[in-house]
Amino acid sequence: MNGSVFDAIVIGAGQAGPPLAERLTGAGMKVALIERALFGGTCVNTGCTPTKTMVASAQAAHLARRARDYGVVIEGAVTVDMARVKARAQAVVAASRDGLENALRTLPGCTVLRGQAAFESPTQVRVGDNVLSAPRIFINVGGRASAPRMPGVGEVPHLDNSSILALDRVPEHLVVVGGSYVGLEFAQVFRRFGAAVTVVEMQPHLIAREDPDVSTAIEEILRGEGIAVRTSAECIGFAPHERGVLVNLVCTEGEPAVVGSHLLLAVGRRPNTDDLGLERAGVATDARGFITVDDTLATSVPGIWALGDCNGRGAFTHTAYNDFEIVAANLLDGASRRVSERILAYALFIDPPLGRVGMTETQARASGRPLLVGSRSMTEVGRAVEKGETQGFMKVIADASTRQILGAAILGVGGDEAIHGVIDMMNARASIDAYLRAVPIHPTVSELIPTVLGEMKPVKQA
Ligand SMILES: Cc1cc2nc3c(=O)[nH]c(=O)nc-3n(C[C@H](O)[C@H](O)[C@H](O)COP(=O)(O)OP(=O)(O)OC[C@H]3O[C@@H](n4cnc5c(N)ncnc54)[C@H](O)[C@@H]3O)c2cc1C
């Protein structure tokens, strides 16, 4: 193996590396794929899969507590068996991880290596005692939770998105520092499991990159379930406490500190690029360690590409997978696909979920274009009423001159699915008039999207 020459080396078996290895070997290349930890990376092992599995358990608990609303009687209290919740999540994770590892190990033309990969030169990668070389190297190393530089953080026990999955018991009081996507999903999950939960956020609003009406509605949903929300926490610090962890805050309202039995830090992610020997290959990174790429995901060094979270161009499984599609199409199909063609879409998987695509209203207004905006409360969506889940609203923003949709938010039951109608229209570059002629299925959440489009109003720009 030492000194082995390949046609391509893939570093990392996350969301882009494995499908790329499959395409490259399918095109007749000899490929080495290196993984240092768990096949499937963050999404499968500590991200999407376990969290969405837990969201499902939490939703079951929530619905069971609301059973009476539907005329269903459950005798006795609804309780959560955390060990079984965990076992269920781990079973789903293991099936996905093992399936992927098996597929890679049996992929003709692919050599799988376990270990830490690091560059020796622009065409050489070391894994333990082995030095592999290839004219093409694809980096798919992902990222990990960042540890914030907050006073006292090193003096208190704390959890991140990986270690919180190992909990066998529901915490008495979980304090979540970071009111964004990762933090809010865990906050609601553990609240529904029975923990007291406080969310601490430095910004004046939760999930600050969303429009204020969206973040306010999310805050109302979470507060409605008994989650304490402490925004504008300007001065977060930690100290050990007899009941767990003392979290200091200086907030615009409320007590200056909160004591939790457990602390979850969900304050962002950093790329796994610091131990990759990038300097020996000459691969450039930005100040935060993300690998610098051009619009085709090529790095500063010819023959080396960076895909997924490590390039800072996306932070989702579907953006990592789309990176694979772009690189593979350009390399193997003679295409000229670019990242800038991608219309960003994502979801926040609280319950009810937020489905998002394209610009926020704030961004659209800042662009200075003439705008049309339409919105509708979920209380006016028949299917939501029938399901007894009327929290949230939907909002669509369009360019008044081109009549194309610029962005949308659907916060409400089925919002993560219904948003795909808008995603498809935007990717087809279709006008809202085409959407108005569609005949959607009744009763669905999606059927109201054309109604919202038909009722859009011009927005006065400042
Ligand atoms: C709690 C949480 C929930 C999430 N939920 C969602 C969601 O619902 N939907 C969604 O789209 N996204 C979600 N994400 C984000 C998603 O997990 C990531 O965007 C996605 O996993 C990125 O894929 P990737 O291939 O870039 O990296 P990763 O999946 O992180 O894979 C990188 C792989 O590279 C390996 N590696 C790293 N360095 C080396 C090295 N030097 N040598 C060898 N191997 C190496 C790692 O071990 C890892 O297996 C979530 C993230 C978190 C933290």
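The values are calculated or read from the model by the stated rules, or taken from the named source; none is laboratory data. No experiment lies behind these values; they were computed from the predicted model shown. Cβ: placed from backbone, ideal geometry, glycine included. Neighbour counts: every protein chain shown. Side chains included, ligands, DNA and RNA excluded: accessible areas come from the protein's heavy atoms. Shrake-Rupley method; radii C 1.70, N 1.55, O 1.52, S 1.80 Å.
Could you name the aspartates and glutamates in cross-link range of Lys30, using Cα to Cα under 13 Å and dropping any fewer than eight places away on the same chain?
The qualifying aspartates and glutamates are Asp7, Glu22.
Starting at the first residue of the range 115-120, write each ³J(HN,Hα) from the Karplus equation 6.51 cos²θ - 1.76 cosθ + 1.60 with θ = phi - 60°, in whole Hz, x for Gly and Pro.
Along the range 115-120, the couplings run x, 7, 9, 8, 5, 9 Hz.
Just order 43-50, 102-109, 184-191 by mean Cβ neighbour count inside 10 Å, highest at the front, would you?
Averaged packing, sorted descending, gives the order 184-191, 43-50, 102-109.
Counting Lys +1, Arg +1, Asp -1, Glu -1, what net charge surrounds Gln90 among other residues with beta carbon under 15 Å of its beta carbon?
+2
What dipole magnitude, in Debye to the nearest 20, does the range 119-278 give about its Cα centre under +1 on Lys/Arg Cβ and -1 on Asp/Glu Cβ?
Once rounded to the nearest 20, the dipole reads 380 debye.
Taking Lys86 as the anchor, which aspartates and glutamates have their alpha carbon closer than 14 Å to its alpha carbon, excluding any fewer than eight residues away along the same chain?
Partners within reach: Asp168.
With every protein chain kept in place and ligands, DNA and RNA left out, what is the accessible area per residue of the range 342-462? Probe 1.4 Å, answer in Å².
Per residue, the range 342-462 has an accessible area of 44 Å².
Binning every alpha carbon pair distance of the range 146-291 at 10 Å from zero, what are the percents per bin?
Calculated P(r), rounded to whole percents: 11, 39, 31, 14, 5, 0.
Along the charge dipole of the range 152-209, pointing to its positive end and built from +1/-1 on Cβ of Lys, Arg, Asp and Glu, which listed residue (Ile207, His158, Gly178) has its Cα farthest out?
Selected residue: Ile207.
State to the nearest 20 debye the size of the charge dipole of the range 188-251 about its Cα centre, where the only charges are +1 on K and R beta carbons and -1 on D and E beta carbons.
Using only the charged Cβ atoms, the result is roughly 300 debye.
Compute the Rg/Rh shape ratio of the range 100-186: radius of gyration over Kirkwood radius, all on alpha-carbon atoms.
1.12
Take each of the peptides 306-314, 81-89, 5-13, average the number of other beta-carbon atoms within 10 Å over its residues, and list them starting from the highest.
Peptide ranking by packing, descending: 306-314, 5-13, 81-89.
Divide, for the range 238-281, the radius of gyration over alpha carbons by 2.2 N^0.38 Å, where N is the residue count.
1.90
Can you spot the lysines whose alpha carbon is less than 29 Å from Lys460's alpha carbon? Ignore those fewer than 8 places along the same chain.
Lys395
Suppose we keep just the DSSP beta bridges with both residues in the chain; what percent of those would be antiparallel, to 5?
60
In Å³ and rounded to a whole number, note down the convex hull volume per residue for the Cα atoms of the range 262-315.
With only Cα atoms used, the range 262-315 gives 89 Å³ per residue.
What number comes out for the charge environment of Ala306, summing +1 per Lys or Arg and -1 per Asp or Glu over other residues with Cβ under 11 Å away?
After counting each charged neighbour, the total is -2.
Calculate, in nm to one decimal, what Glu234 and His442 gain on full extension: separation in residues at 0.36 nm each, minus their alpha carbon distance.
Using 0.36 nm per residue and subtracting the Cα-Cα distance, I get 70.2 nm.
Would you work out what percent of the accessible area of the range 309-442, with all protein chains in place, is carbon or sulfur (probe 1.4 Å)?
Result for the range 309-442: 51 percent of the exposed heavy-atom area is carbon or sulfur.
Among Leu104, Val141, Ile350, whose Cα sits farthest toward the positive end of the charge dipole of the chain (+1 at Cβ of Lys/Arg, -1 at Cβ of Asp/Glu, about the Cα centre)?
Highest projection toward the positive end goes to Leu104.
Residues with amide H under 5 Å of Val176's amide H, sequence separation 5 or more or different chain, H placed in the peptide plane at 1.01 Å from N; which?
When sequence neighbours closer than 5 places are left aside, the close amide H contacts are Thr198, Val199, Val200, Leu264.
For the chain, what are the DSSP H helices with axial Cα length of 20 Å or more and mean Kyte-Doolittle hydropathy of at least -1.0?
Within the chain the helices that satisfy the rule are 48-65, 82-105, 317-332.
Give me the accessible area per residue for the range 168-291, probe 1.4 Å, as a whole number in Å².
42
In terms of the Cα gyration tensor, with a ≥ b ≥ c the square roots of its eigenvalues, is the range 321-372 rounded because a/c is under 1.5, prolate because a/b exceeds b/c, or oblate?
oblate
How much of the accessible area of the range 1-139, in percent, comes from carbon and sulfur atoms when a 1.4 Å probe is used?
Here carbon and sulfur together make up 53 percent of the probe-accessible area.
What are the ³J(HN,Hα) values, in whole Hz, obtained from phi via the Karplus relation 6.51 cos²θ - 1.76 cosθ + 1.60 with θ = phi - 60°, for each residue of the range 236-249 in sequence order, with x given for Gly and Pro?
7, x, 10, 8, x, 9, 4, 9, x, 10, 8, 10, 7, 9
Please give the calculated 222 nm ellipticity per residue for the chain, where each DSSP H segment of at least 4 residues contributes -39500 (n - 2.57) and the sum is spread over every residue; nearest 500 deg cm²/dmol?
-9000 deg cm²/dmol
Counting only Cα atoms, I'd like the Rg/Rh figure for the range 16-122, Kirkwood definition for Rh.
Across the range 16-122, the Cα-based Rg/Rh ratio is 1.22.
Residue-wise, which Karplus ³J(HN,Hα) couplings in Hz belong to the range 390-400, taking 6.51 cos²θ - 1.76 cosθ + 1.60, θ = phi - 60°, and x for glycine or proline?
For the range 390-400, the Karplus-derived couplings read 10, 6, x, 7, 10, 8, 10, 10, 10, 7, 5 Hz, x marking Gly and Pro.
Decide, for the range 247-382, between rounded, prolate and oblate: order the square roots of the alpha carbon gyration tensor eigenvalues as a ≥ b ≥ c, take rounded if a/c falls under 1.5, and otherwise choose prolate if a/b is larger than b/c, else oblate.
oblate
If we restrict to alpha carbons, what Rg and Dmax does the chain come to, in Å?
Rg then Dmax for the chain, in Å: 23.7, 69.
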